Amino acid sequence: MTLVKNKAKQMGLIAVGCLLYALAYNLFLDPFKISPGGVSGLAMVIGHLTGFPAGVAIILMNIPLIILAYLRMGAGFILNTAIATLLSSTLIDLTAWMPSPVDDPLLAAVCGGVLIGAGLGFIMRMGATTGGTDIVSRLVQAARPHLKMGQVVMIVDGVIICLSAAVFRDFSLAVYALIGLALCGKVMDSILYGFDFATLTYIISDRPYEIGKALQEQLERGVTYLEGQGGYTMKPKKVIVCAVKRGQVAALRNIIDTMDPNAFLIVTYGHQIFGDGFIKQKV
């Protein structure tokens with residue numbers, strides 16, 4: 001029963017994501033010829049030039065990609081992707097009649113980027129994609145492991161956005177598309193990794209225990225001591241690891257500067273930190 005519920009939840013969120021994607025396409029992007037990049041961007045160009053339904057074009061262009069991905073990556077990844085691709089493409093054609101609620105291209109790019117980011121976030125969180133660029137990036141990465149997926153996606157989307165702007169003879173469309181893509185990425189990351197961004201710090205000091213005690217007492221944050229070794233001196237060093245909220249970084253720096261101005265501090269950002277004082281892990 002639990003398995004059935006989890007599968008139903010997965011399919012439900014994929015359906016919601018596909019609907020958001022289709023609404024973003026038809027309400028905000030397509031009316032202003034703002035390319036979403038990828039296969040959908042190519043379908044938009046084809047649709048405006050020939051009148052061919054965008055959803056059908058997306059399905060036809062994804063078929064060879066899905067087959068190739070199935071041969072290279074197996075059925076596990078492809079099944080949900082095929083479902084999401086078919087559903088999102090169908091919904092794009094079914095909602096094509098809906099008029100845009102805005103008349104400003106910049107506002108359309110913002111709204112479209114946010115909606116597509118939310119839709120893709122839900123879809124990818126359930127282990128699926130809408131095909132197209134994501135399949136291409138995974139195939140390229142499988143053949144060239146040194147390339148990052150994000151780089152491949154940006155290159156492919158950038159080429160398609162420039163192509164769209166050239167076909168429609170309007171450079172401003174590329175600018176609007178890039179704005180939409182940037183917002184899309186931010187919203188998608190927030191859904192995939194959470195909104196509760198935190199900061200992970202590494203502190204190397206000759207006064208590790210004093211600094212650790214101060215962080216615990218003043219910031220009410222736990223610390224962990226790791227064993228390290230200086231590469232030049234070859235002497236053992238204590239490395240303090242402490243996770244804090246973003247708003248506490250300045251206070252942490254003040255504590256370290258006061259207690260040991262020569263301390264070495266590394267600050268990194270964590271999308272998700274689970275545990276006491278941060279995100280509660282669900283059982």
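Each reported figure results from applying straightforward, stated rules to the coordinates on display, with no laboratory input. These figures come from a predicted structure and were not determined experimentally. All Cβ positions, even for glycine, are placed from backbone atoms using ideal geometry, and neighbour counts span all protein chains on display.
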Rounded if a/c is under 1.5, else prolate if a/b is larger than b/c, else oblate: which is the stretch 198-270, with a ≥ b ≥ c the root eigenvalues of its Cα gyration tensor? prolate
Would you mind checking the tilt of helix 54-73 against the longest principal axis of the Cα atoms of the chain, expressed as 0 to 90 degrees and rounded to 10? 50 degrees
Using only Cα atoms and rounding to the nearest 10 degrees, what angle (0 to 90) does helix 249-259 make with the longest principal axis of the chain? 20 degrees
In terms of the alpha carbon gyration tensor, root eigenvalues a ≥ b ≥ c, rounded if a/c is under 1.5 and otherwise prolate when a/b exceeds b/c or oblate, the stretch 164-223 is prolate
Of the peptides 94-104, 42-52, how do they stack up when ordered by the mean number of other Cβ atoms within 10 Å, highest first? 42-52, 94-104
Listed residues PHE32, ILE116, TRP97: farthest to the positive end of the dipole of the chain (Cβ charges): ILE116
Expected unfolding gain across ARG246-MET11 under the 0.36 nm per residue rule, minus the alpha-carbon gap, is 81.1 nm
In the stretch 2-193, taking the dipole from +1 charges on Lys and Arg beta carbons and -1 charges on Asp and Glu beta carbons about the Cα centre, the listed residue (TYR70, ALA84, ALA22) farthest towards the positive end is TYR70
Would you mind checking LYS9/LYS186; LYS33/LYS245; LYS213/LYS235; LYS186/LYS238 for any pair whose Cα atoms are more than 31 angstrom apart? LYS33/LYS245; LYS186/LYS238
To the nearest 0.05, the calculated FRET efficiency linking GLN229 and ARG144 through their beta-carbon distance, R0 being 41 Å, is 0.70
Relative to the longest principal axis of the chain, what angle (0 to 90°, nearest 10) does the C-alpha long axis of helix 171-193 take? 50 degrees
How large is the charge dipole for the chain, taken about the Cα centre, if only the Cβ atoms of Lys, Arg (+1) and Asp, Glu (-1) carry charge, to the nearest 20 debye? 740 debye
Indicate, rounded to the nearest 5 percent, the antiparallel portion of the DSSP beta bridges found entirely in the chain. 95 percent
Dipole of the stretch 2-193, positive direction: furthest Cα of VAL140, ALA182, LEU163, with charges on the beta-carbon: VAL140
In terms of the Cα gyration tensor, with a ≥ b ≥ c the square roots of its eigenvalues, is the stretch 1-89 rounded because a/c is under 1.5, prolate because a/b exceeds b/c, or oblate? oblate
Based on alpha-carbon centroids, what's the gap between the stretch 51-68 and the stretch 154-213 in Å, whole number please? 28 Å
